[in-house]
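Enquirer: Below is a structure I'd like to ask you about.
The values are calculated or read from the model by the stated rules, or taken from the named source; none is laboratory data. Only a predicted model underlies this, so the values are computations on that prediction, with no experimental measurement involved. As a convention, Cβ positions derive from the backbone with ideal geometry for all residues, glycine included, and neighbour counts pool all protein chains shown. Accessible surface areas use protein heavy atoms only, side chains included; no ligands, DNA or RNA. Shrake-Rupley method; radii C 1.70, N 1.55, O 1.52, S 1.80 Å.
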Amino acid sequence: MDFQQLNLRLPSPIVELNDERLAASQVRLWLKRDDLIHPDIPGNKWRKLKYNLAYAADMRFETLLTFGGAYSNHLRATAAAGHYCGFKTIGVVRGEPSDTLNNSLAKAVDFGMNLTYMDRSTYRNKHSAEVLNRLQDAYPGAYILPEGGSNDRAVRGCAELMSEINTQVDVDVVCCPVGSGGTMAGLISGSLPSQQIQGYSALKSRGYLDGEVARLLPGNLAAGARGRWQIVEEFHHGGFAKRSKELDAFIAEFDTRHELRLEWVYVAKMLDGIFTQLRRGEFCAGTRILAVVTGGSFAE
Ligand SMILES: *Cc1c(COP(=O)(O)O)cnc(C)c1O
């Protein structure tokens, strides 16, 4: 499949942050601006969709079907990808339809996505063979992507992100936010044996995401890489899509210092975590860190 018509900004730029808090600790920090890849399919959403779109085209699927909550960036990005690449799209939304579509779902509909709603208890089992078979019967020509788009093809796309980083800069630690774990699994699988991968959970995960990342890692890698990655669970600020005064203050301060308004569900929580760890002296002098800006605010 040819993605020429998307005008993707690849490789995405990297920028080093000039910040006295870093200088004082003799730590360097780069941002990988994946949020700039495409206005409607930004960041890790593009990385995770790329090989899935190519596969769906090769296999002559006409439709992409995937899952998400009412505010899912993945649903919205899949709708946009379908629109630009010539697939019909179906979004299975958790819960009951509300009278008015929120902005995010309205945008998905604008891109031609058909929405169908799934009650919460069925949604919990959405990846079970039973529910998947039922959906496949209802939509015979559909290629089904899991929630968050995190499957082995997504991991391959995110491994490519890691290779891209390694052509741009030499770093010791690579940081990313974690929602479903696909991005992190890809970064681990594409990393060098000398590199550490640190994920920052955007939800109250308590160990759950460790299992998800391990499950998504290519089998030959799972054992060998185990000592090189960890998920930091402390910086969720109340849970998924919850925010705190501290987080808002961090975002405002970051914007003042660096003229960059951070996406708050994932990216700001990661960077707040990195700067908190820096303040605590958890990074040794000389450490070169790269943080993946996995997305920004979507174009309206
Ligand atoms: C979806 C999303 C994530 C989560 O990535 P996973 O691969 O599901 O862990 C992180 N950051 C942003 C900006 C996202 O939109």
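Enquirer: For Leu247, state whether it is in a loop (DSSP other than H, G, I, E, B) and within 16 Å of the ligand (Cβ to nearest atom).
Expert: Against the criterion (in a loop (DSSP other than H, G, I, E, B) and within 16 Å of the ligand (Cβ to nearest atom)), Leu247 does not qualify.
Enquirer: Right, another one. I need the helices (runs of 4 or more DSSP H) fully contained in the stretch 174-236, keeping only those with at least 1 residues that are within 14 Å of the ligand (Cβ to nearest atom).
Expert: 182-190, 208-216
Enquirer: Has the stretch 271-280 got at least one residue that is hydroxyl-bearing (Ser, Thr, Tyr) and at pLDDT below 95?
Expert: No: zero hits.
Enquirer: Hey, another quick one. Under 9 Å between Cβ atoms, at least 6 apart or on separate chains: pull out the pairs that start in the stretch 264-279 with a residue that is free of Cβ contacts under 8 Å to residues at least 60 places away in the same chain and within 16 Å of the ligand (Cβ to nearest atom) and end on any residue that is open to solvent by less than 10 Å² (accessible area, probe 1.4 Å) and among the hydroxyl-bearing types (Ser, Thr, Tyr).
Expert: Listed by first residue and then by second, the contacts come to Leu271/Tyr200; Asp272/Tyr200.
Enquirer: Given the condition on the phi > 0 side of the Ramachandran plot, of a type outside the set (A, V, I, L, M) and touching a helix residue (DSSP H, G or I) at 6+ places or on another chain (Cβ under 8 Å), answer yes or no: does some residue in the stretch 45-66 qualify?
Expert: no
Enquirer: Among the residues that make up the stretch 3-23, is at least one of them over 24 Å from Phe254 (Cα atoms) and without any contact (Cβ under 8 Å) to a residue 12 or more places away in the chain?
Expert: Yes: one or more hits.
Enquirer: Could you tell me whether the stretch 221-231 includes any residue that is within 25 Å of Gly68 (Cβ to Cβ) and open to solvent by less than 60 Å² (accessible area, probe 1.4 Å)?
Expert: Yes; the residues of the stretch 221-231 include at least one that is within 25 Å of Gly68 (Cβ to Cβ) and open to solvent by less than 60 Å² (accessible area, probe 1.4 Å).
Enquirer: Mind checking which residues of the stretch 283-297 are within 9 Å of the ligand (Cβ to nearest atom) and modelled with pLDDT under 95?
Expert: Listed by number, the list holds a single entry, Gly296.
Enquirer: Another question, if that's okay. Among the residues of the stretch 134-160, how many are more than 14 Å from Tyr55 (Cα to Cα) and open to solvent by 90 Å² or more (accessible area, probe 1.4 Å)?
Expert: Summing the residues that are more than 14 Å from Tyr55 (Cα to Cα) and open to solvent by 90 Å² or more (accessible area, probe 1.4 Å) in the stretch 134-160 gives 3.
Enquirer: I've got another one for you. Please give the helices (runs of 4 or more DSSP H) falling wholly within the stretch 1-104 in which 1 or more residues are surrounded by fewer than 17 Cβ atoms within 10 Å (Cβ to Cβ), of a type outside the set (Ser, Thr, Tyr) and away from the ligand (no atom under 16 Å from the Cβ).
Expert: 20-25, 43-58
Enquirer: Only one of (1) in contact with a Lys or Arg (Cβ under 6 Å, 6 or more places away or on another chain); (2) open to solvent by less than 30 Å² (accessible area, probe 1.4 Å); (3) more than 23 Å from Asn166 (Cβ to Cβ) is not met by Val293, so which one is it?
Expert: In the conditions (1) in contact with a Lys or Arg (Cβ under 6 Å, 6 or more places away or on another chain); (2) open to solvent by less than 30 Å² (accessible area, probe 1.4 Å); (3) more than 23 Å from Asn166 (Cβ to Cβ), Val293 misses (3) alone.
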